[in-house]
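The values are calculated or read from the model by the stated rules, or taken from the named source; none is laboratory data. Just so we're clear, the structure is a prediction, and the values are computed from it rather than from any experiment. Virtual Cβ from ideal backbone geometry, glycine too; neighbours counted across all protein chains shown.
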Amino acid sequence: MKSTFSNNYATKCTTDLKMRVYTSQLLGKDMNLVLHGGGNTSVKIDGKLYVKGSGWNLDTIEEAGFPGVDLETLIDMAKLDYISDTDMVAQQREALEDKSSPNPSIEAILHAIIPFKYVDHTHADAVVTISNTPEGEKRLKELYGSNMLLIDYVMPGFVLAKEIYEQTKDVDWKSLDGLILLNHGVFSFDDDAKIAYEKMIAIVNKAEVYLQENAVSKELRFSKSFCKLDDSFKDELKSEVSKLRGCDIVMRFGSSIEAVSFSNFDNLDDIFKNGPLTPEHVIRTKPFPAIIADNIEEGLSAFTSRYKKYFKTHAKDEIMLDLAPRYAIIKGVGFVALGKDKKEVDIIFDIISHTISAMTLAQNMGGWKSLSPSDIFDMEYWELEQAKLAKAVS
Ligand SMILES: [Zn+2]
């Protein structure tokens, strides 16, 4: 991965906020760093934290996408013992410079406590791929050395911000090259926008080189196609998934060589026991796909039983979401994204394309191991995400 920073363009960014917009877009435009609304960035100016607002994507973000929040209020919140994520969002709204701004990112407190002007956060594929392996933490330690702070997985939101606040009380931030949230993503920071951005690129590039040397294999798994991807197969799949979802659905097939090869892994059930590429993906994709070998009905019914069991095991008082898979792996053929409209199907398609690349690489590093089923559940049924979905439905 290379920096795409243009000194020429940067001279046109005459304010700190304009500079923030510029490097945020650079990060957002690389799908190996963030996908569809993933990641967030911030800048501290005159006692305010301008942080990505909810509903904005980094690739197209503008100044209006950075609500300003009182920095001291955010830092004080990190000192609380506990606050629910819903109350945290409400208090952050109270501290907004302009009340008509969007909600600040759920990671606003975390951005506030990092004592640098520019803070960049991505879900870089290469870094999370290494992290999502059985020896991920050890590999990252060896790769980055002691100047990279590694934080065990904690659910995003107040609890994560609090955890980092506690763990970094005695840390000399100036000695750190960055911060990796295991199974989740990376933070880089600096008082200079270009340097913060280029630190991110350097961290990710190092992981990409590591994967080239340790995980890339030319081996492809071909088999006789189990399924005939003809019109009747497509019609049946569409109609059955529509019934489960309770609305029409749109399908998008992924049948690159890599997708076909992935679909032929013998241990797909095991791979999909072990979490998404980065936690928030589960909200789009559900925790696992339907796996269809030669019979659509069987594949879908195995999915719904598995999902019901997963829900029953982990639910406290949540209400179960619909039972339609958001994607299916079709043995010998590749995968298919299953969305309620074009926008959703394209998002799922991109997430799954990146996910199967990462999972394939991980097979050469001892297997795939991301979040536990209970962590996945907490994310899928997170109060704020559920509220967002409810809003989108109404
Ligand atoms: Zn994140």
Scan region 268-294 for residues that are touching a residue at least 60 places away in the same chain (Cβ under 8 Å), among the aliphatic types (A, V, I, L, M) and more than 16 Å from the ligand (Cβ to nearest atom) and jot them down. 268, 271, 292, 293
Could you tell me whether any residue of region 206-223 is in contact with a Gly (Cβ under 8 Å, 6 or more places away or on another chain) and farther than 30 Å from residue 8 by Cα? yes
Would it be correct to say that residue 348 is touching a strand residue (DSSP E or B) at 6+ places or on another chain (Cβ under 8 Å), more than 20 Å from residue 244 (Cα to Cα) and part of a helix (DSSP H, G or I)? no
Looking at residue 173 and the list (1) more than 15 Å from the ligand (Cβ to nearest atom); (2) closer than 15 Å to residue 41 by Cβ, which single condition is not satisfied? (2)
Every residue in region 208-232 that is farther than 30 Å from residue 361 by Cβ and modelled with pLDDT of 90 or more, please. 231, 232
Residue 217 vs. criteria touching a residue at least 40 places away in the same chain (Cβ under 8 Å) and either within 16 Å of the ligand (Cβ to nearest atom) or touching a helix residue (DSSP H, G or I) at 6+ places or on another chain (Cβ under 6 Å) (or both): no
